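Note sheet for the following structure.
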Amino acid sequence: MGAASDAARATGSIAVPPAPRAPASPLRVALVGNPNTGKSTLFNALTGMRQRVGNFAGVTVERVEGSYTGADGRRVSVLDLPGAYSLDPHTPDEAIALDLLAGRADVPVPDVVVIVADALHLERNLYLVSQLIELGLPAVVALNQIDAATKRGLQVDVVELIHELGVTVVPTVATKGEGIDRLRQAIARAPDLPVPSRRMPVPRVAEQALRPVEQALVDDGVPPAAAGLEALLHLTAPGTDHGPAVHAAVVAARSQLLDAGLNPESLEAELRYGWITGVMHRTVKDPDGQEHTTSDRVDRLLLHKVWGMLIFLALMGIVFQAVFFWAAPMQEAVESALGWAGTQVGSAMGEGDLQSLIVDGVIAGVGGVLVFLPQIAILFLFIGVLEDSGYMARAAFLMDRYMRTVGLHGRSFIPLVSGFACAVPAIMATRTIERPRDRLATIMVVPLMSCSARLPVYTLLIGAFVPAMHIGGFLDLHGLVLLGMYLLGTVSALVVAFFFRRTLLRGQTQPLILELPPYRIPSPRALATTVFHRSSLFVRRAGTVILALSIVIWALATYPRSDVPDGIPDEAVQEMQLANSFLGRAGHAIAPAVAPLGFDWKIGVSIVSSFAAREVFVSAMGTIYGVGGSEDGAGLPEKLRAERNPETGAPVYTLATAIGLMVFYVFALMCMSTVAISIREAGGGWTGVRWAAVQFGYMLALAYLGAWLVRIGAGAFGWA
Amino acid sequence: MSPVAQTVIVVLLVAGAALYVARKVWLSVARARRERNAAGCGADGCCK
């Protein structure tokens, strides 16, 4: 028997009568709660979906929908809403919840609200719970993480809590699926129960002052059941979205309350916290309340000014060492498999364009990218461990000091770290940032964080040109250079943010109030799901966009066929064909633009191709060297190392070229999806387009300048 | 496989890939335009 059932049994059973017969329309359920209460885990447990979850606040920033079939056969559609601390929205993601529940969104008001409350932090959670039950919608409270609360020594009297709240309370442990069936039954039954109403007492004088506001709100279209709550919310913000009648009523109510010696700004908070204190006293026993937990003891070390930072850097170092070290055998296996496939296909098919398309276009292009799948999987495994263990929130706390120095809000840390995976969700994660200028500054610098699409570019160039050696006997130089590229992106993001905050986006930075989640041992299943999901996204991308682009690039690199004089060696024929192809001509046209960076036309044309997505650089190089290459059977790194300038005979690629190219990719915004999401999240319309243009422009300028400086610097030291 | 058959397959594959890429670009542009309209932008380029 699970902890959820144990808790229910210990405190009295929850009578759940049989659900009514199935009506035709689906039951609409919304999951609402404080951030990091396990809403998305509960959503996944209810619907069987794989919505992203994490052990820190702000993982869900958009509403996500799923469904299941109830015991009565009725479809139940479930909406997972972003976490909110109250219905008085401060951030765009919090506003999503209120708009939906108040009927202001483009979807109908839900039939049932499932309020997810964290049993470990019930006192704080009850603030939102008390607001939600005042909305007058059928509600069920899922008292989640009841096992952690029990383990901590907290005893929650669930029956008394039901009595206090006036709604069904179901203890759950979403991570283990405990209490989920009972929750489903409670959801099915909720619409037939009396609608919950306000539980906290309101002084008579406040009631009288608020009554005209409530009436004005109802006249303005607010549902009567929600008018009481909205009236209280409007007291703290007299400038309302409603008509002048509501505004006038609010102003009058505020003055009436001030005359009665009550502070309208803090009235709601004082009333709620007063009521919550009583509820906590009657429902929760906390015998070890003041004792320091293991989490506190670990935090003393991990959040230490000096040790904390050193541990953070050491952890990052381990991650990037492992990305190279662990992935090497798997990468070799994938390379061998692709090499074998190329040889088999090449020998099975006769010479001709189709063979060239399959071997040089598809296998060299898509395969060249797929080789990096092990690195991607290992990187996401580590990110998953750091997130799920609760360390990521600590890292945000550690970094807050530096973020504030450059004018970034502490909440910017999570979007910045998410940028290591992909800038698109990372830019969406900025919705948790309250002030538009803080948010915009973060959006502008998120793409500087090295996303997983850059990993194939870095890994290809590091593997091909950085010597394989160990420093101090154990530090792999490949891993160190990779860490250097990630650090370059991160430090640049902070520096650029500093400039934005002192020029276009001036403003005060707000202090960070951050909830530190308890440490947890990451669930292997959840980690496997994350790694599988991310890896499959990578493979899908390789099999769709990159496959299509590889074929197009192959065609551009192959046609038109030119007449080649007889008696020329095969190698020279292929080079001439490539140079006269559409791609070759385009490459030679743009060659002067990239020549100052030490890049030849093949690199230039691969860079231009990768405007669609960064990985295309690798596939384009694979295709170009497949079509024009001479060393049959050699991998792309070998072909790059063997490439010679036809005029001088000098190697085209040196260590300086490789570093310059990597620096170019650290800075350049080569991703159509990121540009599109920046337009949307920076305000949409021309405002969004302008900001996205500034972002694209400054990043391209930095990329060009960075690569040029590497070349000049390398030349000065005689390394070029 | 005869050279003609090879050529036909190559043409079909290249045309399919080009159409796929063009469709992706078209969808991105359409999406940006939808976002622009959703943001309340008029045909004159002014957004509320």
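Scanning the stretch A:235-250 for residues being without any contact (Cβ under 8 Å) to a residue 60 or more places away in the chain and either surrounded by fewer than 13 Cβ atoms within 10 Å (Cβ to Cβ) or under 26 Å from A:E164 (Cα atoms) (or both) gives a total of 4. One residue stands out in the stretch A:96-135 among those that are under 17 Å from A:A231 (Cα atoms) and at pLDDT below 85: the one that is surrounded by the most Cβ atoms within 10 Å (Cβ to Cβ), namely A:L101. Set side by side, the residues A:E164, A:E134 differ, and just one is of a type in the set (D, E), touching a Leu at 6+ places or on another chain (Cβ under 6 Å) and in the same structural domain as A:G66 (by TED's automatic domain parsing), which is A:E134.
Got at least one residue in the stretch A:517-531 being under 30 Å from A:I603 (Cα atoms), touching a residue at least 40 places away in the same chain (Cβ under 8 Å) and among the charged types (D, E, K, R)? No, there is no match, as no residue in the stretch A:517-531 is under 30 Å from A:I603 (Cα atoms), touching a residue at least 40 places away in the same chain (Cβ under 8 Å) and among the charged types (D, E, K, R). In the condition set (1) in contact (Cβ under 8 Å) with a residue 12 or more places away in the chain; (2) within 30 Å of A:R394 (Cα to Cα); (3) not hydrophobic (A, V, I, L, M, F, W, C), A:Q574 is compliant with all but (2). Scanning the stretch A:665-676 for residues that are hydrophobic (A, V, I, L, M, F, W, C), open to solvent by less than 10 Å² (accessible area, probe 1.4 Å) and in a helix (DSSP H, G or I) returns a single hit, A:V666. A:L229 falls short on exactly one of the conditions (1) out of contact with any His (no Cβ under 8 Å at 6 or more places or on another chain); (2) in contact (Cβ under 8 Å) with a residue 24 or more places away in the chain; (3) open to solvent by 40 Å² or more (accessible area, probe 1.4 Å), and that condition is (3).
Filtering the stretch A:655-686 to residues that are over 20 Å from A:A426 (Cα atoms), more than 14 Å from chain B (Cβ to nearest Cβ) and in contact with a Gly (Cβ under 8 Å, 6 or more places away or on another chain) leaves A:A656, A:T657, A:G660, A:V663, A:F664.
Residue-wise test of (1) modelled with pLDDT of 85 or more; (2) more than 8 Å from chain A (Cβ to nearest Cβ); (3) in contact with a Phe, Trp or Tyr (Cβ under 8 Å, 6 or more places away or on another chain).
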| residue | (1), (2), (3) |
| --- | --- |
| B:M1 | no, no, no |
| B:L19 | yes, yes, no |
| B:A30 | no, yes, no |
| B:A38 | no, no, no |
| B:C46 | no, no, yes |
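Kindly indicate the residue of the stretch A:609-625 that is away from chain B (no Cβ under 14 Å) and aliphatic (A, V, I, L, M) and also farthest from A:S673 (Cα to Cα) among those meeting that condition. So the residue we want is A:I624.
Screening A:P467 against (1) under 17 Å from A:G660 (Cα atoms); (2) touching a residue at least 24 places away in the same chain (Cβ under 8 Å) leaves a single unmet condition, (2). Taking each residue of the stretch A:543-561 that is facing another protein chain (nearest Cβ under 7 Å) and looking for partners that are surrounded by fewer than 20 Cβ atoms within 10 Å (Cβ to Cβ) and among the aromatic types (F, W, Y) with beta-carbon atoms closer than 7 Å, six or more apart or interchain, yields A:A548/B:Y20.
Residue-level check: of (1) within 14 Å of another protein chain (Cβ to nearest Cβ); (2) surrounded by fewer than 18 Cβ atoms within 10 Å (Cβ to Cβ), A:G649 misses just (1). How about the stretch A:349-359: which of its residues are at pLDDT 85 or above and within 12 Å of chain B (Cβ to nearest Cβ)? Result: A:D353, A:L354, A:Q355, A:S356, A:L357, A:I358.
When the residues of the stretch A:180-201 are filtered to those that are over 36 Å from the mean Cα position of the chain (by Cα), under 26 Å from A:A30 (Cβ atoms) and at pLDDT below 90, the one that is least open to solvent (accessible area, probe 1.4 Å) is A:M200. Look at (1) within 30 Å of A:G479 (Cβ to Cβ); (2) touching a helix residue (DSSP H, G or I) at 6+ places or on another chain (Cβ under 9 Å) and you find that A:G352 fails only one, number (1). The number of residues in the stretch A:288-323 that are modelled with pLDDT of 85 or more and assigned to a helix (DSSP H, G or I) comes to 15. Inspection of the stretch A:482-491 identifies no residue that is open to solvent by 70 Å² or more (accessible area, probe 1.4 Å), within 14 Å of another protein chain (Cβ to nearest Cβ) and not acidic (D, E). Here are some residues: A:R680, A:R641. Which one is basic (K, R) and under 36 Å from the mean Cα position of the chain (by Cα)? The unique qualifying residue is A:R680.
The values are calculated or read from the model by the stated rules, or taken from the named source; none is laboratory data. In this text the structure is predicted, and so the values were computed from the model without any measurement. No Cβ is skipped: glycine too gets one built from the backbone with ideal geometry, and neighbour counts run over all protein chains shown. Ligands, DNA and RNA are excluded from the accessible area calculation, which covers all protein heavy atoms including side chains. Shrake-Rupley method; radii C 1.70, N 1.55, O 1.52, S 1.80 Å.
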